[in-house]
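Chemist: I have a structure here, written as structure tokens, and I will follow up with some questions on it.
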Amino acid sequence: MPGYMFDTNIFNRILDGAVEIGRFRGEAHFYATHVQLDELKATSNVQRRQQLLAVFEEVAGNNQISTESFVLNVSCLNEAKLGNEKDDLFSRIKTELDKKNGSKPNNIQDVLIAETALKNGFTLVTHDSDLFFVATKFDAACANLYQVMIELNRQNAA
């Protein structure tokens, strides 16, 4: 069964009605980390925040995994692994993403999500074109939400 790591923007797309993801629950595993949850909890509109948290719980609540690196002031102690300095994939991805998008403030969060997807063999699902581009440079499997739905529909038809 395929595994997909959702970037935070995907939960917004699901809430906005882009796709009905729930029907695919038994056909794929959808993953997230504390990073996506933390970003959703930071949503300023209280009603939207509650709705996003409900989507998160429905889609990935049972498949929340630790990030592959720990970043001070971002990572949660029991929900992040200590990085491997010999193979500092996190820093390499972050350097490339900073170059690509001018060091956006949420690059650390995006890199934690991408690195976790890559090291766990999940497809990173994002609508962030800069993150998509950079992650693929490191051989990450990447897709947007619509590509994932097409693939899962094909599997259903087979």
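Chemist: I'd like to know if segment 63-72 contains one or more residues that are out of contact with any Cys (no Cβ under 9 Å at 6 or more places or on another chain), part of a helix (DSSP H, G or I) and over 16 Å from Asn144 (Cα atoms).
Modeler: For segment 63-72, residues out of contact with any Cys (no Cβ under 9 Å at 6 or more places or on another chain), part of a helix (DSSP H, G or I) and over 16 Å from Asn144 (Cα atoms): present.
Chemist: Picking from Glu96, Glu68, which residue would you name as being among the acidic types (Asp, Glu), out of contact with any Leu (no Cβ under 9 Å at 6 or more places or on another chain) and in contact (Cβ under 8 Å) with a residue 24 or more places away in the chain?
Modeler: Just a single option satisfies the conditions, and that option is Glu96.
The rows are residues; the columns are (1) surrounded by 14 or more Cβ atoms within 10 Å (Cβ to Cβ); (2) among the aromatic types (Phe, Trp, Tyr); (3) closer than 23 Å to Phe138 by Cβ; (4) touching a Lys or Arg at 6+ places or on another chain (Cβ under 6 Å).
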{"residue": "Pro2", "(1), (2), (3), (4)": "yes, no, yes, no"}
{"residue": "Arg13", "(1), (2), (3), (4)": "yes, no, no, no"}
{"residue": "Glu27", "(1), (2), (3), (4)": "no, no, no, no"}
{"residue": "Gln47", "(1), (2), (3), (4)": "no, no, no, no"}
{"residue": "Ala60", "(1), (2), (3), (4)": "yes, no, yes, no"}
{"residue": "Glu68", "(1), (2), (3), (4)": "yes, no, yes, yes"}
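Chemist: Looking at Leu124, Leu145, which is the one that is touching a Lys or Arg at 6+ places or on another chain (Cβ under 6 Å), surrounded by 14 or more Cβ atoms within 10 Å (Cβ to Cβ), closer than 20 Å to Ile21 by Cβ and not polar (S, T, N, Q)?
Modeler: Leu145
Chemist: Within segment 116-138, work out how many residues are assigned to a helix (DSSP H, G or I) and closer than 17 Å to Gln36 by Cβ.
Modeler: 8
Chemist: Out of curiosity, is Val59 in contact with a strand residue (DSSP E or B) (Cβ under 8 Å, 6 or more places away or on another chain) and not in a helix (DSSP H, G or I)?
Modeler: Criteria not met by Val59.
Chemist: Among the residues in segment 34-52, are any modelled with pLDDT under 95, out of contact with any helix residue (DSSP H, G or I) (no Cβ under 7 Å at 6 or more places or on another chain) and of a type in the set (Asp, Glu)?
Modeler: no
Chemist: To continue, here is another question. Give the number of residues within segment 75-115 that are part of a helix (DSSP H, G or I), modelled with pLDDT of 95 or more and in contact with a helix residue (DSSP H, G or I) (Cβ under 8 Å, 6 or more places away or on another chain).
Modeler: Of the residues in segment 75-115, 16 are part of a helix (DSSP H, G or I), modelled with pLDDT of 95 or more and in contact with a helix residue (DSSP H, G or I) (Cβ under 8 Å, 6 or more places away or on another chain).
The values are calculated or read from the model by the stated rules, or taken from the named source; none is laboratory data. This one's a predicted model, so the numbers in the text were calculated from it and none came from an experiment. Positions of Cβ are generated from backbone atoms using ideal geometry, with glycine treated the same way; all protein chains shown enter the neighbour counts.
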